[in-house]
1. Identify all residues within region 36-59 that are in contact with a helix residue (DSSP H, G or I) (Cβ under 8 Å, 6 or more places away or on another chain) and over 17 Å from K91 (Cβ atoms); write none if there are none.
2. In region 123-150, what residues are within 13 Å of E113 (Cα to Cα) and in contact (Cβ under 8 Å) with a residue 12 or more places away in the chain?
3. When you scan region 11-48, how many residues do you find that are in a helix (DSSP H, G or I) and either in contact with a strand residue (DSSP E or B) (Cβ under 9 Å, 6 or more places away or on another chain) or in contact (Cβ under 8 Å) with a residue 60 or more places away in the chain (or both)?
4. Starting from residues that are of a type in the set (S, T, Y) and closer than 30 Å to A49 by Cα, keep the ones in region 104-154 and report whichever is surrounded by the most Cβ atoms within 10 Å (Cβ to Cβ).
5. For region 50-98: of the residues being surrounded by fewer than 14 Cβ atoms within 10 Å (Cβ to Cβ) and assigned to a strand (DSSP E or B), which is nearest to the chain's Cα centre (by Cα)?
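Where a number appears in this text, it was derived from the coordinates with a stated rule and is not lab data. It should be emphasised that the depicted structure is a prediction, and the values quoted were computed from it without experimental measurement. Positions of Cβ are generated from backbone atoms using ideal geometry, with glycine treated the same way; all protein chains shown enter the neighbour counts.
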Amino acid sequence: INHGKKNAPFSKVKPHFHLMDAHNLEFEDESFDFVYGCAILHHLDYNRALDEICRVLKPGGKILFAEPLGINPVGKLVRLMTPFARTDDEKPLMFKELAELGERFNTRHYYEELLSVPLGVASGVFFDSPDNWLTRLGFNLDRTLIRVFPPSRYLFRHILVVGTLK
């Protein structure tokens, strides 16, 4: 919030900042056209948070969420090896949570970060800038893999969910 307030004077829109419990939003019903979240749902009581999101969205309102996937075996290993970097409330999204989103929203899913992660890390050894052929190769391989073998999407590290309230 402090970062946002600091940068607000330079924004074309004039944001308002509120700090409150995501399970009990202080906004009136049907207050928003759009709700956005980045790596937040997996820290909340998922169903309570979805209830509140649905409550404050106007009919036909839209969502955009970027969340970690708990299905990714490498992600599971990393979480197991780095418990000190986790919080007790963390629960990356699984099939069940994606299905629950689909019950409330017409959704499209975009999967990110499978081969692009290790190739991006490796590119840091060889290149000064992250904008290089090895990083681009990783992103292109990710896109190609999903297109050629759709079940691979569940191996990806993150999901971007775009949806419209049903």
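1. Result: C54, single match.
2. Here is the first cut: in region 123-150, the ones within 13 Å of E113 (Cα to Cα) are 135-146.
Listed by number, the residues that qualify are T135, L137, G138, F139, L141, D142, L145, I146.
3. Final tally of qualifying residues: 3.
4. First, the residues of region 104-154 that are of a type in the set (S, T, Y): 107, 110-111, 116, 123, 129, 135, 144, 152, 154.
With the extra rule that they be closer than 30 Å to A49 by Cα, the set shrinks to 107, 110-111, 152, 154.
On the way: T107: 17, Y110: 14, Y111: 21, S152: 15, Y154: 15.
Selected residue: Y111.
5. L64
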